[in-house]
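Peer 1: Mind having a look at this structure? Questions to follow.
Coordinate-derived values only; no laboratory data. A quick note: this is a predicted structure, and the numbers were derived from the prediction, not measured. No Cβ is skipped: glycine too gets one built from the backbone with ideal geometry, and neighbour counts run over all protein chains shown.
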Amino acid sequence: MNVSAIVEKANAMSEKITGLRHRFHANPELPWEEKETSLFIEEYLRTLGLENIRRGFGGTESGVMADLRGAKPGRCVALRGDIDALPLNEENDLPYKSTKPGVMHACGHDAHTAVLLAAAEILSSMKDELCGTVRFLFQPAEEAGYNSGAPKMIEEGALDGVDAIGGLHVWALLPAGRLGCRQGPIMASADIWDIKIQGKGGHGAMPHNAIDPTITAATVISSLQTVVSREMDPQETVVLSVGKLEAGTAVNIIPDTARVAGNVRTTSRDVRARMEGIIRRVADGICAAMRCTAELTYTPIYPVTVNDPGATEVMRSAAVDVLGEENVVEVPVAMGSEDFSYFGEKVPAAYVFLGIADEEKGTNNQHHNPKFNVNDEVLPRGAALLAAFAMRMNGESCPHK
């Protein structure tokens, strides 16, 4: 595989990729509302001659899937880019600033979409050299939490026949042009828990005639904090946070109920599977001891994003050829979460971080920040990386290479 040819094609598309990114940035759409974005993507892919193009997932008009068949037999490798924006007012003063009040591409999905379209164009121009099939997944609703787009796409056939998948995320925690990768867990899981504690209300001056859920809630909170320090292997990474505490209406009233809610993040699939049972045990036990009852609602959001060793090594080798050995680094597990994780539960996956941080260009603001912006100079490298990964993954199985 001639990676230099891929890089040359990507560099030649630099202005085009930037223009695509700016178009998406100026016209952001919220999760499951990406109709116009999806229409544009569909038409763009049709001009490239891709096959099996489908638009619309989850009962909406959002999301696009398409196949590029190579001239030679081989694997089917998927490339994924997310397309949705966030409910945020943009504070950047840019020619391509969001035209929609309260909606902004503040996480780089505009870049992911542009990069994946460019990778499709590069690979379609090299179809005669391509083994197998490359499937392009333009995924809606990554930011939608428990209603996110990846599970819906999987349910509706996006991974049927797929042997592996790759993706990237532009990353404000890395210098522009640097690529972060690692085998195994690369992003944490994210789940939400909510405990309703039922007591018995009464007068604040006569607590013996009531059953106080507020003291119980405080005890549950403090006891949950010991889960991480006393029950988990110190080498495991677990975050159990309380983000919400509600109780009472007046200072002299003991309320009937209290509510405690928070989130759990882990970097191990096994640990994640244990957390609901642990929280339920602690809540039930503390509440029983203090004459209350507990009602736990546990909502799984995103699994741990886990990189397959083999697929990740292919991605890393492609990155070295595209970016140079000095620009490819191993990164620690990020405690943020991604619904790319669902794809990695089904097929071998490789997910990497493409650095965009450059203070002079103003691209070092964190994700989900109203001043977040992407360094356009890195976009061709992202497109070349995804194209090289697909070619290399498929090339390994090609009988005619």
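Peer 1: For H169, which sequence-distant residues (separation of 5 or more, or a different chain) have an amide H within less than 5 Å of its own amide H, given hydrogens modelled in the peptide plane?
Peer 2: V352, F353, L354
Peer 1: If you average the sequence gap of Cα pairs under 8 Å that are 6 or more apart and divide by the length of the stretch 215-325, what percent do you get for the contact order?
Peer 2: Details: 91 pairs, mean separation 25.9, N = 111.
Normalised by residue count, the contact order of the stretch 215-325 is 23 percent.
Peer 1: Quick one: putting +1 on the C-beta of Lys and Arg, -1 on the C-beta of Asp and Glu, what dipole do you get for the chain around its Cα centre, in Debye to the nearest 20?
Peer 2: Working: 38 positive and 53 negative charges, 119 e Å.
Once rounded to the nearest 20, the dipole reads 580 debye.
Peer 1: Moving on to the next point. Can you work out the FRET efficiency for the pair H208 and R281, with r the C-beta to C-beta distance and R0 = 25 Å, to the nearest 0.05?
Peer 2: Values: r = 28 Å, r/R0 = 1.14.
The formula returns an efficiency of 0.30 here.
Peer 1: In addition: Determine the shape class of the chain: with a ≥ b ≥ c the square roots of the Cα gyration tensor eigenvalues, call it rounded for a/c under 1.5, and otherwise prolate if a/b is greater than b/c, oblate otherwise. Walk me through the intermediate numbers first.
Peer 2: Details: a/c = 2.33, a/b = 1.99, b/c = 1.17.
Note, shape of the chain comes out prolate.
Peer 1: Rounded to the nearest 500, what is the chain's calculated 222 nm mean residue ellipticity when only DSSP H runs of at least 4 contribute -39500 (n - 2.57) each, over all residues? Spell out each step's value before the answer.
Peer 2: Values: 10 runs with 133 residues, N = 401.
Rounded to the nearest 500, the figure is -10500 deg cm²/dmol.
Peer 1: If you don't mind, there's one more thing I want to ask. Would you mind calculating the gained length between R54 and A12 on full extension (0.36 nm times residue separation, minus the Cα-Cα distance), in nm to one decimal?
Peer 2: Contour length minus the Cα-Cα distance gives 12.3 nm.
Peer 1: Something else: Kindly flag which residue pairs out of K35/K100; K9/K97; K16/K100; K35/K152; K72/K152; K100/K371 have an alpha-carbon separation exceeding 19 Å in this structure.
Peer 2: Working: K35/K100 15 Å; K9/K97 28 Å; K16/K100 23 Å; K35/K152 16 Å; K72/K152 31 Å; K100/K371 15 Å.
The pairs that break the limit, which is 19 Å between Cα atoms, are K9/K97; K16/K100; K72/K152.
Peer 1: Could I ask something else about it? List the aspartates and glutamates whose Cα sits under 18 Å from the Cα of K200, skipping any in the same chain fewer than 8 residues away.
Peer 2: By straight Cα distance, K200 reaches D212, E246, D256, D284, E295.
Peer 1: Tell me the label-point distance for the pair S241, E360, using the 7 Å Cα-to-Cβ offset, in nm and rounded to one decimal.
Peer 2: 3.4
Peer 1: Between the DSSP loop rule and a limit of at most 14 other Cβ atoms within 10 Å, which GluC sites (Glu not before Pro) in the stretch 192-285 are left? It would help to have the intermediate numbers written out before the result.
Peer 2: On the way: sites: E231, E236, E246, E276; in loops: E236.
Answer in residue order: E236.
Peer 1: Just to confirm a number: summing +1 for Lys and Arg and -1 for Asp and Glu over residues other than V134 whose beta-carbon lies under 10 angstrom from that of V134, what do you get? Could the numbers behind the result be given before it?
Peer 2: Working: positive: R69, R75, K127, R135; negative: D67.
Net charge in that neighbourhood comes out at +3.
Peer 1: Report the net charge of residues surrounding S223, where surrounding means a beta-carbon distance below 13 angstrom and charges are Lys +1, Arg +1, Asp -1, Glu -1.
Peer 2: Working: positive: R230, R280, R281; negative: E231, D284.
Neighbour charge sum, excluding S223 itself: +1.
Peer 1: Using a Gaussian network model of the chain whose springs link C-alpha atoms within less than 10 Å, name the residue from I192, I286, I53 with the highest mean-square fluctuation.
Peer 2: I286
Peer 1: In whole Hz, what ³J(HN,Hα) sequence does the stretch 131-146 give by Karplus (6.51, -1.76, 1.60; θ = phi - 60°), x for Gly and Pro?
Peer 2: Using θ = phi - 60°, the values come out as 9, x, 10, 10, 9, 9, 10, 9, 8, x, 6, 5, 8, 8, x, 5 Hz.
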